[in-house]
Structures are given as C-alpha cells and as structure tokens.
There are 2 protein chains.
Amino acid sequence: MGGGHAGVPGPWQSASEAVVKVGFERVATEGSFAVHPLELSPGSGRVEAELIAGRIADNGAKGVFFLPSRVSEEACRQDEWFLAGCRRVGLPVVLLDRNLRGVDRPLEYDLVASDHFDGGLRCTEHLLGLGRKNVACVIASPTSTHTDRLAGYLSALQKVSNGYSPRVVRVPEHLDAREAYPWIADELVRIGVDGVICYQDYVAVGVMLELFRRGLNVPRDVAVVGCDDLPIGQSFALGVSSYSYPSEAIARTALRVIANRIAHPNDPLAKVVLAGRLVVRDSTVTG
Amino acid sequence: MGGGHAGVPGPWQSASEAVVKVGFERVATEGSFAVHPLELSPGSGRVEAELIAGRIADNGAKGVFFLPSRVSEEACRQDEWFLAGCRRVGLPVVLLDRNLRGVDRPLEYDLVASDHFDGGLRCTEHLLGLGRKNVACVIASPTSTHTDRLAGYLSALQKVSNGYSPRVVRVPEHLDAREAYPWIADELVRIGVDGVICYQDYVAVGVMLELFRRGLNVPRDVAVVGCDDLPIGQSFALGVSSYSYPSEAIARTALRVIANRIAHPNDPLAKVVLAGRLVVRDSTVTG
C-alpha cells in the first residue's frame, strides 16, 4: 500500500492515510494476506519511482493498493511514474479512496472508495433537516473525493422545494493551513452561511476555531460537518459531526477487486463505492 | 521501548508517545542502535507482563527505555509488573519523560525527561510578561511531569512582586475528554483567569474551544499555552504556544545513561532533565 506526497505531511494529511490503512491492518489480522506499507519518498524522481515497482514485484507481491496524492501536481506526477512502473512489471493496482488527481479525470485503474457522493448528500440533508437555509460546501482539490462530495451536496440542495442556491467555497490551493482557515471563515461570513460541509474533520475543527474567533457560535450560528470521522472529531468536548469512512469494508472489497483483476485482466474497470454513515455530534446539534 | 495503557488511547494520548518515540527513531538512523517498539497490551496480567521482559532479554536487548503510564492506577500496576520482570532477568531500565505514577514518588530507575519545571516556569513568565494577572495551571495526574510543571509555575509566580496567588486547577481523574474540557473551562471562568497553562497541546486546543463557546476570546480574554509542542498545535490557523519537547537530545542522553548503568550498575540513580524552549504562537500573542 502506498501514498505519495511532496512535502512533510501535517497530522491533517496523515490522518486520512491512517484511516485508510487501519482497515487493511484489521482485515490482515483475519489471515488471508499481509500488509506491507510503503511510502514514496518526497524527492523520488521518475527512475526511482519506477524502480520501487520492480522491487515490490521481486518481493513476491501480487498487487498494489494505492492511495493517490491529493495535494499537489508534483506529487501526482510522482504517483504516475510509480504506477507506470507497476504497469511495466505487470503488477495490478487498485486505487483507494480517490482517483488520480485531475478534474473529471477518467479512471485508468480499479477504484474502491468511500461513497463521497452519499456523504455530501447525507450531510447536506442533515443540515437542511435542522432548518439551515444557507449551507456551503468547502472543497479544495481537483480529485474525485471533492467532486463527488460536491455532487452529493448539489443533489441534496436540488431536491428541496424552497430554493436552490449552491454556495461552493473553493479553497485556493496555494494557501497553507495558517492562511486557509481564516480565508475559509471569512468567505463563510461574507456569504452569510448557517451551515457548512468541510472535506475533512481537521478542516471542520480549524474552521470552527476561526468562526469562534469571529464571534460566531458553533452550532448555534453555523452548523459544521466534517468527513471521514477521524479521531480528531472525538478529541474534544465539542465533537464533530461527520460522515464515517468504512475502512474495513473498503479493505475487504479492495481484496476482492484485485483478485478479480488478477483472474480477469481484461474485465472493464470498476469503481466501487461503499457507504459510510452520518455521525451526529455537537458541531451540528447541541447535546 | 514500551508504554503501557489501560484502554484504547485517543490521539491526545498517543501524541505524547509519538513525540517520545520520534527522537529515538531519528537517533537510530545514526546507526549505533536499533529501535524495537513494544507495547504492553491493555489486558496483560502480572505473569504476562513479567514474561515479556524475559522475551526481550532472550532477543538480545541490552536494556529497556520505558515511558510510564500516566492515566490510571491499573496501567501503573501493569508497568510495575513489567519492570519487576526486567529486574528479575537483569535488564537495566531507563524511564522516559516521567517517573512512575504516584504523588512525590521516589525514583527507582534512572529517568531522562524534558525539563517540565523549566517548562512551567518559562510558560508562566511568558504569560506574566504579557501583562496577564490571573494565570492558572491545569494539572491532571499524580506524575512527576505534572508535579514538576506545577513547581515551575509556582516558582515563577513567587518571583513577581505584585502578589502571589496560585490558581491550580486539578482535573478530576474520572472525567473523560467530553466532560473534562467543559469542567476545566467552567473552572477557569469561575476563577476569572486571563491566562492558563495546560499540561499538553491537545488539552490547550480543547480548552480554547470551550472558552470560545463560553463567549471568551483566545488570546484576548484568556491566553493559553500547552506543552510538548505537538503537531496539533500547528494544525490550525490559531497556533498553540507551547514548551517544546527535546526528543532527540532525550534519546541521545538516555543511550548514554543506560550505557553507564550497564557499566556501573551501582552508581546512584540519575534524573536527567533537558530543557526545551518556549514556542510563541497565536494562542498567547495576536499575530
């Protein structure tokens, strides 16, 4: 299993990797396979990234589960070099959680993911059901997770009779964490939202802090939901409502998908999505 | 290296373990030794805990670095069983970061720790230097880290001419995270503090959220500092001022201490403390 990244990841980045990994580790204890974690080192060039694939095959691995990079074009290029190497040595690959970075990018590998469309839909319906009228959706990168979540959000809005007015907050990619949270909060205040869907639970906590600093109360003035139900969402008294990540089901499904790919290399590409569930906490409903 | 715990640790617990471990991992890359992480499993009884010590010796280890449990009497008992096992098989032990749990407990092993006294002192002086008049110190368990930090806080207060009035907030141990943060914030509001020293950066973030929920602004109304400079303190735009943990220096020193213990088993017990440094961020000073 691997995930490339261009810089040193903050906890908000490795948190998502951790939730993907934990499913495989749990399923591995059932005994049918072993997990060999692998990370592309940040500086790897094309040759190195391709060589790693050869080494994996030499070590007897039958396939690779791969979490594509989300954050930068550079890291995405590295991902592609590695995947080209896998192709060359005949290693089947199943992508986890998201397609390779790129707007509406067509699938080139099997993909097993959390149902981010359903996540966007359920979280939006939850906020609308609480009587929130101006719900925003925060997205930040051209990957399928963000695109799918946005689509769920738009679909939920479209279904309500009292008007359809999407408020999409697209975070500029050049902002770092220190700049991004104030930027998002300022946008939310400017738009005048009373609910917001964030693309990850760390983002939800960072946005809540900035809303509080601007004198708004969560959830009274703005209800906030995150995604993936990461441990950070249960670290403080103010729990983060979220859409859970079905880690173990994803690992089990990915194993079936790669087994099928090995047996039937020419089957059409599969995108398998598995539903999580809405977890309601204090950031949307006062306990 | 090991650390016992009684339940499944939250990220705020494993974060401290991680910062201890990272120093050893970095120093290990210099090549003079290898890190073999080990965790006592939550349910281990006396026999099992003692057996693990025997297995470590059989595997050729020359010594054990041990991070004592902080959170419960039960986990502390397990620690003691394990350490008794080490003693029986003649494995020298150096404790990391804190002495075994217990009020003013005498040292039974060498100990290498961050200078929590200096941390309490520097953080308090920082808040007093900002003109804060009513600074509280939050502590939560009968371990040397909390006792030492409190002592540093008291010493700093004692030095200022305009009065000496300690505000010690002792968190009841039976409270879980959901209960503890509101309890702490209510206490701080009741006492009327304008500054607070928290025993860890997760605690600082949890307290900040609760202060904001009560309509107070951080740092305007209450300046908040944490301890150990964990990644959480740099995860959001509102960075947490903290006293850094000198991970690598602790690992290097612990290696020297255990080498000396192996060479001179009858030397008097050493407590070595290494200073961190104050890291000033938004939670105390508006950027």
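A few comments on the model shown:
- In straight-distance terms, cross-link reach from A:Lys271 covers every one of the lysines whose alpha-carbon lies under 23 Å from its own, apart from those fewer than eight places away in the same chain; here that gives A:Lys21, A:Lys62.
- In chain B, taking the dipole from charged Cβ atoms about the Cα centre, the farthest positive-side position among B:Ser283, B:Trp81, B:Phe236 is held by B:Ser283.
- Charge dipole (debye, nearest 20) of the stretch B:109-186; +1 at Cβ of Lys and Arg, -1 at Cβ of Asp and Glu: 420
- Largest to smallest in accessible area, the residues A:Ile250, B:Ile262 fall in the order B:Ile262, A:Ile250 (1.4 Å probe, all protein chains included).
- Diffusion coefficient, µm² s⁻¹, Stokes-Einstein with Kirkwood Rh over alpha-carbon pairs of chain A at 4 °C and 1.567 mPa s: 66
- Comparing A:Asp176, A:Asp118, A:Asp221 in a Gaussian network model of chain A where C-alpha atoms under 10 Å apart are linked, the largest mean-square fluctuation is found at A:Asp176.
- FRET efficiency for A:Ala275 and A:Asp104, using Cβ-Cβ distance with R0 set to 25 Å, rounded to 0.05: 0.65
- P(r) of the stretch A:116-244 over all Cα-Cα pairs, binned every 5 Å from zero, in whole percent: 2, 12, 24, 26, 22, 12, 3, 0
- Sorted largest first by accessible area at a 1.4 angstrom probe radius, with every protein chain in place, the residues B:Asp186, B:Asp229, B:Asp282 fall in the order B:Asp186, B:Asp229, B:Asp282.
- Helix-only [θ]222 nm of chain A, DSSP H runs n ≥ 4, -39500 (n - 2.57) each, per residue, nearest 500: -14000 deg cm²/dmol
- Span from the the stretch B:67-141 Cα centroid across to the the stretch B:179-225 one, whole angstrom: 23
- Simple spin-label estimate for A:Arg220 and A:Glu248 in nanometres, 7 Å along Cα-Cβ: 4.1
- FRET efficiency, B:Val89 to A:Thr286 (Cβ-Cβ, R0 60 Å, nearest 0.05): 0.60
- Note on B:Lys159: lysines with a C-alpha under 21 Å away, same-chain residues under 8 apart excluded, are B:Lys133.
- In a DSSP loop and with at most 14 other Cβ atoms within 10 Å, the trypsin sites (Lys or Arg not before Pro) in the stretch B:19-87 are B:Lys62.
- Build a GNM of chain B with springs between Cα atoms under 10 Å apart, and of B:Ala49, B:Ala185, B:Ala28 the one that fluctuates most is B:Ala28.
- Threshold 10 Å² - residues in the stretch A:212-252 whose accessible area is reduced by that much or more when the chain is no longer isolated, probe 1.4 Å: A:Phe212, A:Arg213, A:Asn217, A:Pro231, A:Ile232, A:Gln234, A:Ser235, A:Phe236, A:Ala237, A:Leu238
- Straightening the chain between B:Gln158 and B:Arg55 buys 32.1 nm, computed as 0.36 nm per residue apart minus the Cα-Cα spacing.
- Among B:Ala34, B:Ala15, B:Ala84, residue whose mean-square fluctuation peaks in a GNM of chain B (springs only between Cα atoms under 10 Å): B:Ala34
- Simple Cβ-charge dipole of the protein assembly as shown, Lys/Arg +1 and Asp/Glu -1, about Cα centre, in debye nearest 20: 480
- Placing +1 on each Lys and Arg Cβ and -1 on each Asp and Glu Cβ, with no other charges, gives the stretch A:118-235 a dipole about its Cα centre of roughly 420 debye.
The values are calculated or read from the model by the stated rules, or taken from the named source; none is laboratory data. As the structure is a prediction and not an experimental result, all values here were calculated from the model. Please note: Cβ atoms are built from the backbone with ideal geometry, for glycine as well, and neighbour counts cover all protein chains shown. Just so you know, the surface numbers come from the protein's heavy atoms only, side chains and all, with ligands and any DNA or RNA stripped out. Shrake-Rupley method; radii C 1.70, N 1.55, O 1.52, S 1.80 Å.
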